[in-house]
Amino acid sequence: MKNGPSPVTRVVIIDDEPAIRKDLQALMQQQPGFIVTGVCGSVQEARTIIPATEPDLLLLDISLGDGTGFDILREPAAANCKVIFITAHQDYAIKAIKFGALDYLLKPVDEEELQQALARVSAGRPAAPEQLTLAQQQFRQGGLQNRIVLRSQQYLQVVAFEEIIYCQSDAGYTTFFLADGRKIVVSRSIKEYEELLPETWFIRPHQSYLVNHRFIDRYHKDGYLILRNNTEIPVSTRRKDYVVEYLTGNR
């Protein structure tokens, strides 16, 4: 018995830079199993093209001339679309996308990175509304939201900063220890979370740890923090002065 033809993923490219649209279209033509069914450069155009072509995947610029990529994703026709954001080197935009645990590529788009993103997205599900809401809030308000989306192997979890006691690194994975006793393991480095989680909440006393300072009970002169749940967190020699300054408010 012969197998039927492999399913083809329909793609719409939305970017307000003509050169980027052209490059993305050329790159996608080289990816087996994908077909570009529409190309446009604005929110208004996307509202017409998406219902007409019913794409499976959007390659979506986060900043458009007449709105943002989030405006498009709120449209009913885009509800079941998977998405890869395309963005320039804008720290606030990248941070917003990471807060929502969403996929993104930097301009100019590298073919190998595109292939990796396509593989990840193809194996996953469309973004959950909570992911989009959190990322959009972060994008609009410049980092004032005190929540983050954590993507484990089993699920997506929205976690408030106040729930996180500390994070521990282990071979490229980061484990979040929460106040209710849960542990969430995420396949991203602790360095990424150091960049995402604000210093007004979190301190990095050691290369393997990020600690919510609200859970610190005291600092022992032998070089470790004691948390309110009696967990001991090591403080590296080169970070001792930083930790003392942080805890005494001199930083």
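Computed over the chain with a Gaussian network model linking Cα atoms closer than 10 Å, the most mobile of Leu225, Leu105, Leu57 is Leu225. Residue separation of Asp241 and Tyr155 scaled by 0.36 nm, minus their Cα-Cα distance, works out to 27.1 nm of gained length.
The amide H of Arg147, built 1.01 Å from its N in the peptide plane, has Phe161 as neighbours under 5 Å, considering only residues 5 or more places off or on other chains.
Label-to-label distance for Glu75 and Lys191 is 3.9 nm, based on points extended 7 Å past Cα in the beta-carbon direction. Amide hydrogen proximity for Val83: with H placed 1.01 Å from N in the peptide plane, the residues at 5 or more positions away or on another chain lying under 5 Å are Leu58, Ala127. For the pair Gln115 and Ser208 in one chain, pulling the backbone fully straight at 0.36 nm per residue adds 30.4 nm over the alpha carbon distance. Shown in residue order for the stretch 190-200 are the 3J(HN,Hα) couplings computed by the Karplus curve 6.51 cos²θ - 1.76 cosθ + 1.60 at θ = phi - 60°: 5, 4, 4, 6, 4, 6, 7, 7, x, 5, 5 Hz (x for Gly and Pro).
Would you please classify the overall shape of the stretch 14-56 from the alpha carbon gyration tensor, given that a ≥ b ≥ c denote the square roots of the eigenvalues, rounded means a/c under 1.5, and beyond that prolate means a/b larger than b/c while oblate covers the rest?
Working: a/c = 3.69, a/b = 1.21, b/c = 3.05.
In terms of gyration-tensor shape, oblate.
Considering amide H positions built from the backbone, and no H for Pro or chain starts, which residues 5 or more places from Ala88, or on another chain, come under 5 Å of its amide H? Here the answer is Lys107, since their amide H atoms fall under 5 Å of that of Ala88. Eigenvalues of the alpha-carbon gyration tensor of the chain, scaled by 5 and square-rooted, set the equivalent ellipsoid semi-axes at 40, 19, 16 angstrom, largest first. The length gained on full extension between Thr175 and Thr231, counted as 0.36 nm times the residue separation minus their Cα-Cα distance, comes to 18.7 nm.
Just so you know, all these numbers are worked out from the coordinates, no wet-lab data involved. This one's a predicted model, so the numbers in the text were calculated from it and none came from an experiment. Cβ atoms come from the backbone with ideal geometry, glycine included; neighbour counts cover every protein chain shown.
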